Amino acid sequence: MEIINILYIGRNAQILDIVIRLINSNDNWNGVGMLCDEKAKQVFMQTNFSIVLLGPGIEQERESELRSYFTKVNPTIKIVQHYGGGSGLLQSEILSAIAPAENR
Amino acid sequence: MENKDTTANHKIANYILHKADSRGHANHGWLESYHTFSFANYQNKDRMNFGVLRVLNDDRVNQGMGFGKHPHDNMEIISIPLEGDLEHQDSMGNTTVIKEGDIQIMSAGTGIFHSEKNKNQNQLVKFLQIWIYPNKKNVTPRYDQITLDLKDRHNKLQQILSPNPEDEGVWIHQDAWFHIGRFDKGFSNSYPLKKSGNGIYAFVLKGDFTVGDIHLNERDGLGIWDTESIKITADSEGAEILLMEVPMEL
């Protein structure tokens, strides 16, 4: 099965570590976490990500910039606001993002 | 307050019924949980949310066991104990115990870590865990709990949550209102929605009810939208219901 690459960006390092560990506990998902927007943009150019998850603490202006940048580089990228900060909704958010359009 | 009952014939036009036995179920040994909406390993694309109500978990935790330290962000998390004592600790320095009649709220905002454990070694703890999408992201994390007078919900709806810090109950970052009522058999009450465009999710805590023209049993859930009020009637003695009025759009 194809590995789904997921980029998580958030400002809370402890939550970032946990979310990345949760993502990588699924053999079919590969999570990369970034606290810094510029590093996130760099790694986005180097890896074929399917999903960008936006975590807590990202200012509205920075979020708009990130969304604009990622969409410009990859118009099909799914950008999802991650809510809840843990395992409860993570699977739903990722599965909904990668589901075929007719299943959403 | 004027009680404009637009459901005079009590027939509900727009609703979704979630019978108790249709909920997702997880048994982890120390934790048994029923999920009204998709949560963790329970995934059902037809059960994602009701408006901004995203999680309604009906949890039972074994004696002395509990959820270890874990994070949350950008979510309004409400816990309603039904039986037993739940011990709470969090990264803001709070160490508390909540029990039946208490309501706990965490605005997770930019991030909070907490644990919830059954304080007792000889009794299950049963509680509802409810997650509401906030209307504002990245707020400063906040914890609160209050104790309500259970007498104030006998044959009436007791407000337990609102958007307003000055109002009754706890408050959250969302235009939502929660009420609990405990009714004698045959007692009826109407609930007028407080905000246009909101929907209401009724969850039966104990006994049987008729909401509009729909009969509900214990732990059934009924979501209703495009209405200005609903009528509820207790069909059993001491029946209890939780009403959650929530925006239908995030």
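The values are calculated or read from the model by the stated rules, or taken from the named source; none is laboratory data. For clarity, every value in this text was computed on a predicted model and none was experimentally measured. Positions of Cβ are generated from backbone atoms using ideal geometry, with glycine treated the same way; all protein chains shown enter the neighbour counts.
Over 16 Å from the mean Cα position of the chain (by Cα), away from every other protein chain (no Cβ under 13 Å) and either closer than 21 Å to residue B:244 by Cα or at pLDDT below 95 (or both), is that true of residue B:20? Write out each step before concluding.
Values: over 16 Å from the mean Cα position of the chain (by Cα): no; away from every other protein chain (no Cβ under 13 Å): yes; either closer than 21 Å to residue B:244 by Cα or at pLDDT below 95 (or both): yes.
No; evaluated as a whole, the condition is false for this residue.
Just wondering, is there one or more residues in segment B:170-182 that are farther than 29 Å from residue B:250 by Cβ, in contact with a helix residue (DSSP H, G or I) (Cβ under 9 Å, 6 or more places away or on another chain), touching a residue at least 40 places away in the same chain (Cβ under 8 Å) and not polar (S, T, N, Q)? Checked segment B:170-182: at least one residue is farther than 29 Å from residue B:250 by Cβ, in contact with a helix residue (DSSP H, G or I) (Cβ under 9 Å, 6 or more places away or on another chain), touching a residue at least 40 places away in the same chain (Cβ under 8 Å) and not polar (S, T, N, Q).
Looking only at residues in segment A:48-61 that are away from chain B (no Cβ under 11 Å) and not aliphatic (A, V, I, L, M), the one that is nearest to residue B:138 (Cα to Cα) is A:61.
Does residue B:46 fit the bill of being within 11 Å of chain A (Cβ to nearest Cβ), surrounded by fewer than 20 Cβ atoms within 10 Å (Cβ to Cβ) and of a type in the set (Asp, Glu)? Can you show your working first?
Details: within 11 Å of chain A (Cβ to nearest Cβ): yes; surrounded by fewer than 20 Cβ atoms within 10 Å (Cβ to Cβ): yes; of a type in the set (Asp, Glu): yes.
In short, yes.
Meeting the requirement of 3 or more residues that are of a type in the set (S, T, N, Q), the strands (runs of 3 or more DSSP E) wholly within segment B:171-226 are B:188-192. If the condition is being away from every other protein chain (no Cβ under 13 Å) and closer than 20 Å to residue B:137 by Cβ, then segment B:71-80 contributes only B:78. Can you spot a residue in segment B:125-145 that is farther than 23 Å from residue A:9 by Cα, in a loop (DSSP other than H, G, I, E, B) and either away from chain A (no Cβ under 14 Å) or of a type in the set (D, E, K, R) (or both)? No, segment B:125-145 has no match at all. Within segment B:126-160, the set of residues being of a type in the set (A, V, I, L, M, F, W, C) and closer than 28 Å to residue B:62 by Cβ comprises B:127, B:128, B:130, B:131, B:132, B:146, B:148, B:150, B:160. Screening B:98, B:78 for residues that are closer than 26 Å to residue A:91 by Cβ and either under 17 Å from the mean Cα position of the chain (by Cα) or in a loop (DSSP other than H, G, I, E, B) (or both) leaves exactly one candidate, B:78.
Among the candidates A:7, A:53, A:90, which residue alone is assigned to a helix (DSSP H, G or I) and surrounded by 12 or more Cβ atoms within 10 Å (Cβ to Cβ)?
Values: A:7 fails: assigned to a helix (DSSP H, G or I); A:53 fails: assigned to a helix (DSSP H, G or I).
Exactly one of A:7, A:53, A:90 is assigned to a helix (DSSP H, G or I) and surrounded by 12 or more Cβ atoms within 10 Å (Cβ to Cβ), namely A:90.
Residues in segment B:186-199: is at least one touching a residue at least 60 places away in the same chain (Cβ under 8 Å), closer than 29 Å to residue A:56 by Cα and not basic (Lys, Arg)? Yes, segment B:186-199 has at least one match.
Residue B:249 meets all of the listed conditions (1) in contact with a strand residue (DSSP E or B) (Cβ under 9 Å, 6 or more places away or on another chain); (2) at pLDDT below 95 but one, namely (1).
Anything in segment A:70-87 that is away from every other protein chain (no Cβ under 12 Å), in a helix (DSSP H, G or I) and either touching a Ser or Thr at 6+ places or on another chain (Cβ under 9 Å) or crowded, with 17+ Cβ neighbours inside 10 Å (or both)? List them, or say none.
Going residue by residue through segment A:70-87, those that are away from every other protein chain (no Cβ under 12 Å) are A:70-80.
With in a helix (DSSP H, G or I) added as a condition, the list becomes A:70-73.
Listed by number, the list holds a single entry, A:70.
Just checking, which of B:64, B:29, B:68 is more than 15 Å from the chain's Cα centre (by Cα), outside any strand (DSSP E or B), away from every other protein chain (no Cβ under 11 Å) and in contact (Cβ under 8 Å) with a residue 40 or more places away in the chain?
On the way: B:29 fails: in contact (Cβ under 8 Å) with a residue 40 or more places away in the chain; B:68 fails: outside any strand (DSSP E or B).
From the options B:64, B:29, B:68, the qualifying one is B:64.
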